[in-house]
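Report on the structure given below.
The values are calculated or read from the model by the stated rules, or taken from the named source; none is laboratory data. Predicted, not measured: the structure shown is a model, and the values here were computed from it. No Cβ is skipped: glycine too gets one built from the backbone with ideal geometry, and neighbour counts run over all protein chains shown. These accessible areas exclude ligands, DNA and RNA; they are computed on the full protein's heavy atoms, side chains included. Shrake-Rupley method; radii C 1.70, N 1.55, O 1.52, S 1.80 Å.
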Amino acid sequence: MSEAREPGGVAPAWTRAVDRALKLLEVASAVVLLALMALTCIDVAGRELANAPLNGATELTRLALAALVFCALPVASWRDQHIVVDLLDNVFPRALVGWRQLVVNLIAAAALTAVAVRAWKFAGRSVEYGDVTEYLHLPVAPIVYLIASLSALTALLMALNGIRSAMGYPPPPRSADV
């Protein structure tokens, strides 16, 4: 059963359901960012005040940054919040914008699918070899599996975003309050 669409109307229920589901990734991003800020403050304070930096802070920062970027990527992709170059927007026929967005989003989804597949294979190899970080000896595979999974989710959301654009629905609100 399809939903009736009014010009300028509200997006269908499935897009609102995705928005609600992505709240979890927004919270995860916020928690990781807070932890990253605390880690940096502790490291800098220890380095400057006691000449004793936090052991392993660089490794933890790298892992946290990877988690932060890939937790935020699906949200930014779904909300069309990427940086864009709109050189041809003024000359592109308005009637074809939704279809252009479909093609662009499907290309991005294909690229992200390739990233997800390669990352998943790399994570499996990391488990097999027992790869760990250099100083703290933390396993690398969990963060790579996170990258692979969230890349796959982002690919799916980009494809859905393209479909939404081709159907003529606007992107979701850009504010954090959905």
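Quick grid of which residues meet (1) open to solvent by 80 Å² or more (accessible area, probe 1.4 Å); (2) in a helix (DSSP H, G or I); (3) under 16 Å from ILE163 (Cα atoms):
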residue: TRP14; (1), (2), (3): yes, yes, yes
residue: ARG47; (1), (2), (3): yes, yes, no
residue: ASN55; (1), (2), (3): yes, no, no
residue: CYS71; (1), (2), (3): no, yes, no
residue: SER77; (1), (2), (3): no, yes, yes
residue: LEU88; (1), (2), (3): yes, no, no
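Selection of region 110-126 for residues being surrounded by fewer than 16 Cβ atoms within 10 Å (Cβ to Cβ) and of a type in the set (Gly, Ala, Ser) yields ALA110, ALA111, ALA114, GLY124.
Listed by first and then second residue, the pairs linking a residue in region 19-30 that is in a helix (DSSP H, G or I) to a residue that is open to solvent by 40 Å² or more (accessible area, probe 1.4 Å) and at pLDDT below 95, with Cβ atoms under 6 Å apart and 6 or more places separating them unless they lie on different chains, are ASP19/VAL178. Only one of VAL127, VAL97 is closer than 22 Å to SER151 by Cα and aliphatic (A, V, I, L, M). Can you tell me which? Going through VAL127, VAL97 in turn, the sole match is VAL127. Residues in region 28-45 that are farther than 22 Å from VAL144 by Cβ and surrounded by fewer than 17 Cβ atoms within 10 Å (Cβ to Cβ): ALA30, LEU34, MET37, ALA38, THR40, CYS41, ILE42, VAL44, ALA45. Pick from region 141-165 the residues that are over 16 Å from the mean Cα position of the chain (by Cα) and crowded, with 18+ Cβ neighbours inside 10 Å: which of them is modelled with the highest pLDDT? Applying the filter and picking the extreme gives ALA141. ILE107 meets each of the listed conditions (1) surrounded by 14 or more Cβ atoms within 10 Å (Cβ to Cβ); (2) within 19 Å of the chain's Cα centre (by Cα) apart from (1).
Taken together, the residues in region 127-140 that are of a type in the set (Ser, Thr, Tyr) and open to solvent by 50 Å² or more (accessible area, probe 1.4 Å) amount to 2. Among residues of region 158-169 that are touching a residue at least 12 places away in the same chain (Cβ under 8 Å), those with a Cβ under 7 angstrom from a residue that is open to solvent by less than 50 Å² (accessible area, probe 1.4 Å) and among the hydroxyl-bearing types (Ser, Thr, Tyr), sequence gap 6+ or separate chain, pair up as MET158/SER77; ASN161/SER77; ARG164/THR15; TYR169/THR15.
Could you check, for region 108-120, whether at least one of its residues is farther than 25 Å from ARG164 by Cα, of a type in the set (Gly, Ala, Ser) and in a helix (DSSP H, G or I)? Within region 108-120, one or more residues are farther than 25 Å from ARG164 by Cα, of a type in the set (Gly, Ala, Ser) and in a helix (DSSP H, G or I). Taking (1) at pLDDT below 95; (2) under 15 Å from ALA72 (Cβ atoms) in turn, LEU36 satisfies each apart from (1). Residues that are in a helix (DSSP H, G or I), among the hydrophobic types (A, V, I, L, M, F, W, C) and more than 18 Å from VAL69 (Cα to Cα) within region 121-132 comprise PHE122, VAL127, listed in sequence order.
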